[in-house]
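A quick write-up on the structure given underneath.
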Amino acid sequence: MVNNTNTRCDLMLFGALGDLAQRKLFPALYQLERAGLLAQGSRILAIARTEATTAEVREQLLEKLRHHVKDSEFDAEVANTFLQRVDYQLLDFTDPEGYGALREWRDEPNNELIVYMATPPSMYGVIARNMKATSCCNEKTRVVVEKPIGHDLESSRVINDELGEVYNENQLFRIDHYLGKETVQNLIALRFANNLFASQWDQNHISHVEITVAESVGIEGRWGYFDQAGQIRDMIQNHLLQLLCLIAMDPPADLSADSIRDEKVKVLKALKRITPDMMDRYVVRGQYTAGTSNGKPVPGYLEEEGANKGSATETFVALKAEIDNWRWSGVPFYIRTGKRLPEKLSQIIIHFKPAPHYIFDPDQKHLANNKLIIRLQPDEGMALKILTKDQGLDKGMRLRQGPLELTFSETFETERIPDAYERLLWEVMKGNQYLFVRRDEVEYAWRWVDEIIANWRDSGEPPKRYAAGTWGPVASIAMITRDGRSWYEDA
Ligand code: BG6
């Protein structure tokens, strides 16, 4: 069903007045309009449960676009053309009667139809069933659903089954927005277009891998959702495991969705289980207390608005993942992610093993390994830390570590890097599933994460505290130090 042409399509957006739609989806669609990628005649039906007219919704969207689109990228004429595509429909998602209006909205039933469910996952099944019962969709309809798919393996199966009763797997586009980030896609180019790395990418040459996804923000009014999820469900089960898969997977036979997803699934299946006796050494769970963020005092997690003061939900996780296969045997993947850390930073560090025989000054031995630093955000780019001779007559054969740098914005004079949702929406319009997550990926990821959550529950241990504005509990540093290593910090 891959369609590379800019064909006309109808987009039905459930949850159109919600935070995700207003903050991410409409701005992304606006950018596609600005780039001339929305075909003439393509239309958007914004669907929500609030009483409003199309004119009112367009006005509200205009205001949000002004807010969420950079001034330099906001063009009133483009916004106006874009908003003319948008109609609004009030709907109680659970009431099949209301869906007749959706069918009527489609003046040309043969147009491509995309249904985007920007709603809580508990709504996916109901919407799917009602769409089918009222003949609002068919076997060509593409359906986009957001994470989280459930809160554990069992609930994700229920949701996937409900969707599966109405749609085939090749109609489903499960979003993990990290896969839409340009630099994340670049991992595939880096690994499989450069034989230099391809031949070095295994336990013979790599000692360990670090993946850090740090955020300086706290809970930002999402306490209700976040407290039920916690950092492991919100970030590790999806974004961080996807990054791990892209780093660890074997070369796919081609770039098709199934070839890439098959390889990712093999990695998820090979993740070593973290059993109760391993928890102390392999997993650190933290919760932030009051501290500072960008120089300003901020409250602790339990003092945020709407907080349940006794919550044991984690806002930080550091863990050591191991992959039981030939390529990665003995290579730990140290992963950490948290809210209210000192900065917003996502990066992957590949630590290569030192040369087999070391001949330079013994006191510089700690320098003797190459590192590949892949910066996902901010300052998207890569740096390969290599060793060279320090210049100067007095330096003898002293070594110096320096980077071979590639900062995308400077090197390629990239005007702007598209937001993940722009890329993902565009791929859905083309019917290309390779940046979306298949059912088995979601389920294997839950299987691994569920065991860690169960271990926490059984141990009854509360999360370790860390002050907002620090890099998490000291136990996270201890975890990696025990292995004779440290979290990478750029000097
Ligand atoms: C979302 C999580 O999926 O990703 C949020 O639910 C998190 O809690 C966000 O803040 C981070 O995304 P990004 O693109 O800002 O790194």
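The values are calculated or read from the model by the stated rules, or taken from the named source; none is laboratory data. This structure is a prediction, so every number in the text was calculated from the model and none was measured. Glycine gets a Cβ as well: all are built from the backbone with ideal geometry, and neighbour counts include every protein chain shown.
State whether the residues of segment 260-277 include one that is touching a helix residue (DSSP H, G or I) at 6+ places or on another chain (Cβ under 7 Å), charged (D, E, K, R) and within 16 Å of the ligand (Cβ to nearest atom). Let's see the steps before the verdict.
Of the residues in segment 260-277, the ones touching a helix residue (DSSP H, G or I) at 6+ places or on another chain (Cβ under 7 Å) are 261, 264-265, 267-269, 271, 273-274, 276.
Adding the requirement that they be charged (D, E, K, R) leaves 261, 264, 269, 273.
With the extra rule that they be within 16 Å of the ligand (Cβ to nearest atom), the set shrinks to none.
Checking segment 260-277: not a single residue is touching a helix residue (DSSP H, G or I) at 6+ places or on another chain (Cβ under 7 Å), charged (D, E, K, R) and within 16 Å of the ligand (Cβ to nearest atom).
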task: Please enumerate the residues belonging to segment 357-372 that are within 37 Å of the chain's Cα centre (by Cα) and modelled with pLDDT under 90.
output: Lys365, His366, Leu367, Ala368, Asn369
message: Which pairs turn up if I take residues in segment 328-352 that are within 12 Å of Glu215 (Cα to Cα) and in a loop (DSSP other than H, G, I, E, B) and look for partners that are within 11 Å of the ligand (Cβ to nearest atom) and among the hydroxyl-bearing types (Ser, Thr, Tyr) with beta carbon separation below 9 Å, at least 6 apart in sequence or on another chain?
response: Lys339/Ser216; Lys339/Thr315; Arg340/Ser216; Arg340/Thr315; Leu341/Ser216; Pro342/Ser216; Glu343/Ser216; Lys344/Ser216
field: All positions within segment 63-84 that are under 16 Å from Thr53 (Cβ atoms) and either of a type outside the set (S, T, N, Q) or in contact (Cβ under 8 Å) with a residue 60 or more places away in the chain (or both)
entry: Glu63, Leu83
statement: Within segment 132-145, the residues that are closer than 13 Å to Leu172 by Cβ, at pLDDT 90 or above and either touching a Pro at 6+ places or on another chain (Cβ under 6 Å) or crowded, with 20+ Cβ neighbours inside 10 Å (or both) are Arg142, Val143, Val144, Val145
query: Among the strands (runs of 3 or more DSSP E) contained in segment 373-491, which hold 1 or more residues that are more than 24 Å from Ile350 (Cβ to Cβ) and over 25 Å from the mean Cα position of the chain (by Cα)?
result: 464-467
field: Of all residues in segment 273-307 being among the polar types (S, T, N, Q), closer than 30 Å to Ala445 by Cβ and touching a strand residue (DSSP E or B) at 6+ places or on another chain (Cβ under 7 Å), the one that is surrounded by the most Cβ atoms within 10 Å (Cβ to Cβ)
entry: Gln287
Test set (1) free of Cβ contacts under 8 Å to residues at least 24 places away in the same chain; (2) of a type outside the set (S, T, N, Q); (3) within 17 Å of Trp223 (Cβ to Cβ) - Asp280 fails condition number: (3)
message: Can you tell me which of (1) crowded, with 17+ Cβ neighbours inside 10 Å; (2) closer than 29 Å to Val283 by Cβ; (3) away from the ligand (no atom under 16 Å from the Cβ) is the one Ser329 doesn't meet?
response: (1)
- prompt: So, of the residues in segment 178-200 that are in a loop (DSSP other than H, G, I, E, B) and farther than 30 Å from Gly472 by Cα, which turns out to be farthest from the ligand (Cβ to nearest atom)?
  reply: Ser199
- prompt: Does any residue of segment 227-235 turn out to be within 11 Å of the ligand (Cβ to nearest atom), at pLDDT below 95, under 21 Å from Lys464 (Cα atoms) and touching a His at 6+ places or on another chain (Cβ under 8 Å)?
  reply: yes
query: Any residue in segment 211-226 that is within 12 Å of the ligand (Cβ to nearest atom), on the phi > 0 side of the Ramachandran plot and part of a loop (DSSP other than H, G, I, E, B)?
result: yes
- prompt: Only one of (1) in a loop (DSSP other than H, G, I, E, B); (2) of a type in the set (Val, Ile, Thr); (3) away from the ligand (no atom under 16 Å from the Cβ); (4) surrounded by 14 or more Cβ atoms within 10 Å (Cβ to Cβ) fails for Ile359. Which number is that?
  reply: (4)
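Would you point out which residue out of Ile149, Ile114, Ile175 is in contact with a Leu (Cβ under 7 Å, 6 or more places away or on another chain), closer than 30 Å to Leu244 by Cβ, of a type in the set (A, V, I, L, M) and within 16 Å of the ligand (Cβ to nearest atom)?
Working: Ile149 fails: in contact with a Leu (Cβ under 7 Å, 6 or more places away or on another chain); Ile114 fails: within 16 Å of the ligand (Cβ to nearest atom).
From the options Ile149, Ile114, Ile175, the qualifying one is Ile175.
Checking the conditions here, which among Glu415, Glu380, Glu410, Glu405 is over 30 Å from Asn170 (Cβ atoms), among the charged types (D, E, K, R) and within 16 Å of the ligand (Cβ to nearest atom)? Spell out the reasoning first.
Details: Glu415 fails: within 16 Å of the ligand (Cβ to nearest atom); Glu410 fails: within 16 Å of the ligand (Cβ to nearest atom); Glu405 fails: within 16 Å of the ligand (Cβ to nearest atom).
Result of the check over Glu415, Glu380, Glu410, Glu405: Glu380.
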query: How many residues does segment 152-172 contain that are outside any helix (DSSP H, G or I), of a type outside the set (A, V, I, L, M) and either under 18 Å from Ala118 (Cβ atoms) or within 16 Å of the ligand (Cβ to nearest atom) (or both)?
result: 1
- request: Answer yes if at least one residue in segment 406-415 is hydrophobic (A, V, I, L, M, F, W, C) and in contact with a Leu (Cβ under 8 Å, 6 or more places away or on another chain), and no otherwise.
  value: no
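Among the residues of segment 245-302, what is the count of those that are part of a helix (DSSP H, G or I) and not charged (D, E, K, R)? Break it down into steps so the answer makes sense when it comes.
To start, the set of residues in segment 245-302 that are part of a helix (DSSP H, G or I) comprises 245-248, 257-270, 276-282, 301-302.
Subset that is not charged (D, E, K, R): 245-248, 257, 259-260, 265, 267-268, 270, 276, 278-279, 282, 301-302.
Going through segment 245-302 one residue at a time, the tally reaches 17.
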statement: Flagged pairs (Cβ under 6 angstrom, 6 or more apart or on separate chains; first in segment 241-269, within 24 Å of Leu372 (Cβ to Cβ) and touching a residue at least 24 places away in the same chain (Cβ under 8 Å); second surrounded by 16 or more Cβ atoms within 10 Å (Cβ to Cβ) and of a type in the set (Asp, Glu)) are Gln242/Asp176; Asp250/Glu263; Pro252/Glu263; Lys264/Glu441
- request: Select from segment 71-89 the residues that are loosely packed, with under 14 Cβ neighbours inside 10 Å and of a type in the set (A, V, I, L, M, F, W, C) and list them in ascending order.
  value: Ala76
